[in-house]
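Contents: one structure, followed by commentary.
The values are calculated or read from the model by the stated rules, or taken from the named source; none is laboratory data. What you see is a predicted model; the values in this text were computed from it and never measured. Cβ placement follows ideal geometry from the backbone for every residue including glycine, while neighbour counts extend to all protein chains displayed. To get the accessible areas, we keep the full protein, side chains included, count just its heavy atoms, and leave off ligands, DNA and RNA. Shrake-Rupley method; radii C 1.70, N 1.55, O 1.52, S 1.80 Å.
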Amino acid sequence: MLDLLITNAALPDGRTGMSVAVQAGRISEIAPQLEAPARETVDAGGYLLSPPLCDPHFHMDATLSYGLPRVNESGTLLEGIALWGELKPLLKAEDLIQRALAYCDWAVARGLLAIRSHVDTSDPSLLPVEAMLEVKKRVAPYLDLQLVAFPQDGLLRTPGGIDNMKRALDLGVDVVGGIPHFERTMADGATSVKLLCEAAARRDKLVDMHCDESDDPLSRHIETLAFETQRLGLQGRVNGSHCTSMHSMDNYYVSKLLPLIAESGVSVVANPLINITLQGRHDTYPKRRGMTRVPELMAAGVTVAFGHDCVLDPWYGMGSADMLEVAHMGLHVAQMTSQAGIRACFDAVTGNAAKVMHLEGYGLEPGCDASFVLLQARDVVEAIRLRAHRLKVWRKGVVVAETPEVVAKVTLPDRPAAVRFLR
Ligand code: FE2
């Protein structure tokens, strides 16, 4: 007897009328029109059943703090960093924990079951680190929270920055972070990349750096990151986040850079909502979009994923844990409007994001975790177009969130009353 049988589902690869059998929290079989006794059977009604959404780049320690102690008036990255600096001395662990738990509730309701969060290690108290480790423990039954030790104020620029990083990793933070473009000089930035990659290699940790989050076309720390990755044999274990300077780089240099990134196995996470709002702020007109070269990186064979980065924090006053909104913005900013392009944007918030995070048991294959989101859409293109409602969310075979099917009622004569926005 199966624990769960989901029938009549559309899958992200385009198959329709599929059944998914679940036993002991894992997928046991996927086949068309499967008939088998099960404790529970769910008719997916032809809607899309996807592996959960994943966010490979977030700041859980800052989320839901919008307006504390004031709002970012200029909207720039640098005012955001300054504002976060004003807020930090006022932070209390319990407040951080409660805000993060509230955000994780939003995430689960949105079918977002894996988040990689950077955590600020700049303050020697490591209060945000301890708070987020507590959150990670509490949400573990329903959400994979991965933590990155992130020296927000600069590894070398902050007194004690290296020691704080070491202590954060000793406490159990999963991934080594960095912010080379925020160090005092290009040379210090490159040194920080080298030191951090060496620390990761020594400790057998993954690396995920904020890298070149700048409109400066000469910010080339991604080159150093790719070099150190190869030198230290870290291929497949390193991610460059943002890489916005690549938007503004010289095209000839990029033609050399893209194969170097691909060869090093470094993945890239773009953050479309944040890049389009924070970058280009010093421009008059034309204003640069600032997002990294997503389709070109993908064409070069680089794994590219999209992150949310911020929700209601010193850098961004919008957002609701909706990775389909992220994919929607990503396809607009990158002009990935072909069917293949839209599907690639869906991958950027599902499979590619899971790959960046090294998630185990992720996917729609027998043996994978029975973690799914059932979307009120019939394929991935429609899911992004509608930022589709998440009808049911399962974590390892157990329902963790539900939203009723949404049907708008139109009161016009001689027209159908029910509107679902489907073709
Ligand atoms: Fe970030």
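Would you call residue 421 among the aromatic types (Phe, Trp, Tyr) and open to solvent by 50 Å² or more (accessible area, probe 1.4 Å)?
Working: among the aromatic types (Phe, Trp, Tyr): yes; open to solvent by 50 Å² or more (accessible area, probe 1.4 Å): yes.
Yes: the conditions hold for residue 421.
Based on this model, can you work out whether residue 179 counts as modelled with pLDDT of 95 or more and open to solvent by less than 10 Å² (accessible area, probe 1.4 Å)? Working first, answer last.
On the way: modelled with pLDDT of 95 or more: yes; open to solvent by less than 10 Å² (accessible area, probe 1.4 Å): yes.
When the stated conditions are applied, residue 179 passes them.
Please work out which one of (1) touching a residue at least 24 places away in the same chain (Cβ under 8 Å); (2) part of a helix (DSSP H, G or I) is the condition residue 213 fails and give its number.
(2)
Pull up the stretch 266-311, narrow it to residues that are touching a residue at least 60 places away in the same chain (Cβ under 8 Å) and of a type in the set (Asp, Glu), then point me to the one that is nearest to the ligand (Cβ to nearest atom).
This residue is 309.
For the stretch 81-98, check the following and say yes or no: at least one residue is within 14 Å of the ligand (Cβ to nearest atom) and in a helix (DSSP H, G or I). If you could, list the steps in order and put the result at the bottom.
First, the residues of the stretch 81-98 that are within 14 Å of the ligand (Cβ to nearest atom): 81, 84.
After this cut, where a residue has to be in a helix (DSSP H, G or I) as well, the list is 81, 84.
Scanning the stretch 81-98, I find at least one residue that is within 14 Å of the ligand (Cβ to nearest atom) and in a helix (DSSP H, G or I), so the answer is yes.
Among the candidates 336, 318, 357, 323, single out the residue that is among the aliphatic types (A, V, I, L, M), surrounded by fewer than 21 Cβ atoms within 10 Å (Cβ to Cβ) and within 16 Å of the ligand (Cβ to nearest atom).
On the way: 336 fails: within 16 Å of the ligand (Cβ to nearest atom); 357 fails: surrounded by fewer than 21 Cβ atoms within 10 Å (Cβ to Cβ); 323 fails: surrounded by fewer than 21 Cβ atoms within 10 Å (Cβ to Cβ).
Only one candidate passes the filter, namely 318.
Within the stretch 191-205, which residues are in contact with a helix residue (DSSP H, G or I) (Cβ under 6 Å, 6 or more places away or on another chain) and open to solvent by less than 30 Å² (accessible area, probe 1.4 Å)?
Those that are in contact with a helix residue (DSSP H, G or I) (Cβ under 6 Å, 6 or more places away or on another chain) and open to solvent by less than 30 Å² (accessible area, probe 1.4 Å): 192, 193, 197.
What single numbered condition from (1) under 30 Å from residue 356 (Cβ atoms); (2) not assigned by TED's automatic domain parsing to the domain that holds residue 115 fails to hold for residue 66?
Against the list (1) under 30 Å from residue 356 (Cβ atoms); (2) not assigned by TED's automatic domain parsing to the domain that holds residue 115, residue 66 comes up short only on (2).
Sort out which residues of the stretch 32-63 are within 16 Å of the ligand (Cβ to nearest atom) and either basic (Lys, Arg) or assigned to a loop (DSSP other than H, G, I, E, B) (or both), and write them in order of number.
59, 60, 61, 62, 63
Just to be sure, is residue 208 within 21 Å of residue 62 (Cα to Cα) and open to solvent by 30 Å² or more (accessible area, probe 1.4 Å)? Spell out how you get there, then give the answer.
Values: within 21 Å of residue 62 (Cα to Cα): yes; open to solvent by 30 Å² or more (accessible area, probe 1.4 Å): no.
For residue 208, the condition - within 21 Å of residue 62 (Cα to Cα) and open to solvent by 30 Å² or more (accessible area, probe 1.4 Å) - is not met.
Six or more apart or on different chains, Cβ under 7 Å: which pairs go from a residue in the stretch 189-201 that's without any contact (Cβ under 8 Å) to a residue 40 or more places away in the chain and farther than 15 Å from residue 230 by Cα to one that's small (Gly, Ala, Ser) and assigned to a helix (DSSP H, G or I)? Could you list them?
Listed pairs, sorted by first residue: none to list.
Specify the residue that is surrounded by the most Cβ atoms within 10 Å (Cβ to Cβ); the eligible residues are those in the stretch 211-246 that are among the hydroxyl-bearing types (Ser, Thr, Tyr) and under 18 Å from residue 357 (Cα atoms). If you could, list the steps in order and put the result at the bottom.
Our first condition is that a residue be among the hydroxyl-bearing types (Ser, Thr, Tyr); within the stretch 211-246, this holds for 214, 219, 224, 229, 241, 244-245.
If we keep only those that are under 18 Å from residue 357 (Cα atoms) as well, we get 229, 241.
Working: 229: 27, 241: 30.
Filtering first and then ranking leaves 241.
Looking at (1) closer than 25 Å to residue 319 by Cβ; (2) in a strand (DSSP E or B); (3) not β-branched (Val, Ile, Thr), find the lone condition where residue 72 falls short.
With respect to (1) closer than 25 Å to residue 319 by Cβ; (2) in a strand (DSSP E or B); (3) not β-branched (Val, Ile, Thr), residue 72 is out only on (2).
Mind checking which residues of the stretch 121-141 are farther than 24 Å from residue 162 by Cβ and open to solvent by less than 10 Å² (accessible area, probe 1.4 Å)?
So in the stretch 121-141, the residues farther than 24 Å from residue 162 by Cβ come out as 134-135, 137-141.
Result: 135, 139.
Cβ-Cβ distance below 8 Å, separation of 6 or more or different chains: which pairs start in the stretch 337-354 with a residue that is over 15 Å from residue 386 (Cβ atoms) and end on one that is of a type in the set (Phe, Trp, Tyr) and outside any helix (DSSP H, G or I)?
So the pair list comes out as 348/306; 351/362; 353/306; 354/362.
Which residue is surrounded by the fewest Cβ atoms within 10 Å (Cβ to Cβ), if the candidates are limited to the stretch 160-176 and must be more than 24 Å from the chain's Cα centre (by Cα) and either over 22 Å from residue 77 (Cα atoms) or of a type in the set (S, T, N, Q) (or both)? Reasoning before the result, please.
Let us first name the residues in the stretch 160-176 that are more than 24 Å from the chain's Cα centre (by Cα), namely 160-164, 166-167, 170.
Okay, now just the ones that are also either over 22 Å from residue 77 (Cα atoms) or of a type in the set (S, T, N, Q) (or both), so 160, 162-164, 166-167, 170.
Working: 160: 12, 162: 16, 163: 12, 164: 23, 166: 14, 167: 16, 170: 10.
Selected residue: 170.
Quickly run through the stretch 1-15 and pick out the residues that are open to solvent by 10 Å² or more (accessible area, probe 1.4 Å), under 19 Å from residue 391 (Cβ atoms) and touching a residue at least 60 places away in the same chain (Cβ under 8 Å).
12 - this is the single residue of the stretch 1-15 that is open to solvent by 10 Å² or more (accessible area, probe 1.4 Å), under 19 Å from residue 391 (Cβ atoms) and touching a residue at least 60 places away in the same chain (Cβ under 8 Å).
For residue 374, work out the one condition from (1) surrounded by 23 or more Cβ atoms within 10 Å (Cβ to Cβ); (2) over 27 Å from residue 31 (Cβ atoms) it doesn't fulfil.
It is condition (2) that residue 374 fails.
Name the residues in the stretch 172-200 that are aliphatic (A, V, I, L, M) and out of contact with any strand residue (DSSP E or B) (no Cβ under 9 Å at 6 or more places or on another chain), would you?
Our first condition is that a residue be aliphatic (A, V, I, L, M); within the stretch 172-200, this holds for 173, 175-176, 179, 186-187, 190, 193, 195-196, 199-200.
Hits for the stretch 172-200 are 186, 187, 190, 195.
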